[in-house]
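Notes to accompany the following structure.
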Amino acid sequence: MSVKHLKWMVVLLALALLAACFKIYSLNQTNQIQAAQQQSSNAPYRGNTNSSPNHRSSSPNAGDGVAQGMAETVNRTTIAFANLPTEAQQVLKKIQNRESFPYRQDGQVFGNRERVLPYQPRGYYQEYTVPTPGADNRGARRIVAGQGKTGDVATSGEYYYTADHYRSFSRIRME
């Protein structure tokens, strides 16, 4: 066998090894994504641990618009609409009335990259800024609205409030 043939065999073996490594890497990434999705459907979101009378825990109800297959025993922190900051109440009313918002990010897709909310396909959640008095920027407060069974954030009734820029959420109870 000539040196030229040996060089080609080495190149082909290197390419085969590279392809095998890429395949292993791709399978590993797929397994990690599937494991994360499974984990997020079993632990839908880290609620606010505040134990004040403004918050209460509840177990999810069937048909409340959250991810299917979620464990019924998961406790979730909620907050009554009346106990939200006034600015958050105003934003939620604007969402339900389909009014315009001052920030270009309002009404845009919330990607749930933090995996704090129940797993849903991309585009299911939309985020809205809750103004913070005295802040010269958007601040950390948001309302995230899910499409729910209606497919429309204005009528879904699936709303979450965060005061800490997505680290924790409380489901808003419309009482």
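The values are calculated or read from the model by the stated rules, or taken from the named source; none is laboratory data. Note that the structure is predicted; figures quoted are calculated from it, not measured. Note: ideal-geometry Cβ built from the backbone for every residue, glycine included; neighbour counts use all protein chains shown. Please note that ligands, DNA and RNA were not included when accessible areas were found on the heavy atoms of the full protein model with its side chains. Shrake-Rupley method; radii C 1.70, N 1.55, O 1.52, S 1.80 Å.
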Can you tell me how many residues within the range 123-138 are in contact with a helix residue (DSSP H, G or I) (Cβ under 6 Å, 6 or more places away or on another chain) and either part of a loop (DSSP other than H, G, I, E, B) or at positive phi (or both)?
2
Lone qualifier among Tyr166, Tyr161 - being open to solvent by 10 Å² or more (accessible area, probe 1.4 Å) and out of contact with any Asp or Glu (no Cβ under 9 Å at 6 or more places or on another chain):
Tyr161
Going through Tyr119, Tyr103, Tyr128 one at a time, which residue ends up being in contact with a strand residue (DSSP E or B) (Cβ under 8 Å, 6 or more places away or on another chain) and open to solvent by 20 Å² or more (accessible area, probe 1.4 Å)?
Tyr103
What number of residues in the range 76-109 are without any contact (Cβ under 8 Å) to a residue 12 or more places away in the chain, part of a loop (DSSP other than H, G, I, E, B) and either in contact with an Asp or Glu (Cβ under 7 Å, 6 or more places away or on another chain) or among the polar types (S, T, N, Q) (or both)?
1
Breaking point among (1) modelled with pLDDT under 95; (2) of a type outside the set (Val, Ile, Thr); (3) surrounded by 21 or more Cβ atoms within 10 Å (Cβ to Cβ), for Ala145
(1)
